[in-house]
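Here's the structure we're looking at; comments come further down.
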Amino acid sequence: MAFGPVNAGGGASGRTMEEINEKIRQAKEAADTAARDLKTHKEANNPHGITAEKLGAVPVTRKINSKPLSGDITLTAQDVGAAPANHGHSFESLSGRVFHAGTSAPANTGLLWIDTTANTGGLKYHNGTAWVHVPVSAT
């Protein structure tokens, strides 16, 4: 016995059951393919091929002072050619190059003189003629 078009009473599709079942099978196959593709896409490491260059970002292979940018970096004073934090000079090492300390004036008039003479001492400079006190203002 052959079946004709499905008649659902007033809403007949005009299609046979075989045609309807084929459409259902095709829709299910398309849904399965879409679900599989979506799962593959979500599990992919970089599905859209995003690169640092495409974003205009600095690539992680770039280095600063031989330190890779792939993680946090800490630059030391040595990395940038600066003196370390614990670096210091004693005043004694500057004596004779910047200033002279004592009760008698230095021969080098280009130095500052820290006159250690009681009552008349203090910081002095040579004005071309004589040693004079560096002016100090009181506020």
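No value in this document is a laboratory result; all are computed from the given coordinates. Given the structure is predicted, the values throughout are model-derived calculations rather than measurements. Cβ placement follows ideal geometry from the backbone for every residue including glycine, while neighbour counts extend to all protein chains displayed.
Worth pointing out:
- Using θ = phi - 60° in the Karplus curve 6.51 cos²θ - 1.76 cosθ + 1.60, the 3J(HN,Hα) couplings for segment 16-25 round to 7, 4, 4, 5, 5, 4, 5, 4, 5, 4 Hz; x is entered for Gly and Pro.
- Sequence-distant residues sharing a close amide H with LEU112 (under 5 Å, placed H): PHE99, HIS100
- From least to most packed, judged by other beta carbons within 10 angstrom and beginning with the fewest, HIS100, HIS41 follow the order HIS41, HIS100.
- Label separation (LYS54 vs LEU69): 1.8 nm, computed from points 7 Å beyond Cα along the C-beta direction.
- If both residues of a DSSP beta bridge must be in segment 91-133, then about 55% of such bridges are antiparallel.
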